[in-house]
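Read the structure below first, then the notes.
The values are calculated or read from the model by the stated rules, or taken from the named source; none is laboratory data. Predicted, not measured: the structure shown is a model, and the values here were computed from it. Every residue, glycine among them, receives a Cβ derived from its backbone with ideal geometry; neighbour counts consider all protein chains shown. The protein model used for the area step is the full one, side chains on, heavy atoms only, and it has no ligands, DNA or RNA in it. Shrake-Rupley method; radii C 1.70, N 1.55, O 1.52, S 1.80 Å.
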Amino acid sequence: MTSVDTSTTSAAKEHARAQSGVVTDSMPVVPASSWPTPPSGVDPALLTWAETVPGGRYTTKVLGRGTRLRLRDLDGRACAHLLLYRADAPWERLNVADTVKVPWQAYTGTGHPLLSDQGRVLATVVSDGSGRHDALCGTTSLATNTAKYGDGSLHSGSPAGRELFTVAAAKHGLERRDLPPSLSFFHGVRVGADGSLSSIGSAGADTAVELVIHLPVIVLIANTAHPLDPSPTYDTTALEVLAWTGADVAEPVDADPEYRRAFLNTEDVWAAAQRQGREQA
């Protein structure tokens, strides 16, 4: 390995500037429109987020209403633990219990709403090529990862989901106490007749799930092993995150009465926010 001299300010500056334009597989692409492989049919100019998140890392972004968010498991062992907060009122956040209860469905899939604790739709799953997700187990903790892998701290080789979420949340003024249970994508869980939970693992490489965003949200994603991952070693692989504007959210995605009520709650608060904005302008 070639050593780099950064022992002086001038040398460190020269080395830092030499990295300009270098793109790695663990950084966001800025601007997102320069992402080399936009989704089929999507104008690159509409991209607002383009990033590859390695296993054991996190990412976060504020997304506007009408954004479409695509998560893709590149190599078959990503696990995207997701939290959502209303960007203009972050005390309103993803409620996994209601996300299961309102659609009468514990297994997340196409058409599934992601509900807030105020009965509003923060996002809806509009496309699912995996079918292996989990709304029951949440993410991992420092204690569980330490017991399983020998370490679960933030800068270890096997960081726990809550440790990653804590840092991501801090970027938005949120604290550890603001972290509710999360939703997981790309590692499925099923409930046995006796109530036990078992892993059904991943659907394999190159599977994706897409969400449409109904209200401006803070998105936190921790790409780390699922709590029920049967592997004794920490094998989490890369997650691709893309988002673009222009999705239509003016009509409900699902006709079920519970979804429609949550949708109307969402449209009501959005209309009120728009009226207030016009009055203050």
* Asked: In sequence order, what are the phi-derived ³J(HN,Hα) couplings for region 89-105 according to the Karplus relation 6.51 cos²θ - 1.76 cosθ + 1.60 with θ = phi - 60°, rounded to whole Hz, with x for glycine and proline?
  -> 8, x, 6, 8, 8, 3, 10, 5, 4, 6, 4, 7, 6, 4, x, 6, 8
* Asked: Which value, in Å² rounded to 10, gives the accessible area of V30 with a 1.4 Å probe and all protein chains present?
  -> 130 Å²
* So which residue, out of A18, A45, A247, gets the largest mean-square fluctuation from a GNM of the chain using Cα contacts under 10 Å as springs? -> A18
* Asked: Any idea how far apart E251 and A106 come out in nm if each label point goes 7 Å out from Cα toward Cβ?
  -> 3.4 nm
* Stretchable slack from H172 to R261, in nm (0.36 nm times residue separation minus alpha-carbon distance) -> 29.1 nm
* Pick from D151, D256, D229: which is most flexible by mean-square fluctuation in a GNM of the chain where alpha carbon atoms under 10 Å apart are linked? -> D256
* Structure fact -> Expressed in square angstrom to the nearest 10, the accessible area of Y85 with a 1.4 Å probe stands at 0 Å²
* To do: With a 1.4 Å probe and all protein chains in place, put E175, E14, E51 in order of accessible area, largest first.
  => E14, E175, E51
* Structure fact -> What the 10 Å binned alpha carbon P(r) of region 90-219 shows, as percent of pairs per bin from 0, is 12, 36, 39, 13, 0
* Using the Cα atoms as the points, what is the convex hull volume per residue of region 77-143 in Å³? -> 113 Å³
* May I ask you to give the solvent-accessible area per residue for the chain, in square angstrom, as obtained with a 1.4 angstrom probe? => 48 Å²
* To do: Post the alpha-carbon centroid distance, region 257-281 to region 34-80, in whole angstrom.
  => 27 Å
* For L220, solvent-accessible area (1.4 Å; no DNA, RNA or ligand), Å² -> 0 Å²
* Asked: In whole Å, what is the distance between the alpha-carbon centres of region 134-187 and region 232-251?
  -> 18 Å
* Output the Kirkwood hydrodynamic radius of the chain, Cα pairs only, in Å rounded to one decimal. => 19.8 Å
* To do: Please report the relative contact order for the chain, taking Cα pairs under 8 Å with a sequence separation of at least 6, and give it as a percent rounded to a whole number.
  => 31 percent
* Stretchable slack from V42 to S153, in nm (0.36 nm times residue separation minus alpha-carbon distance) -> 36.1 nm
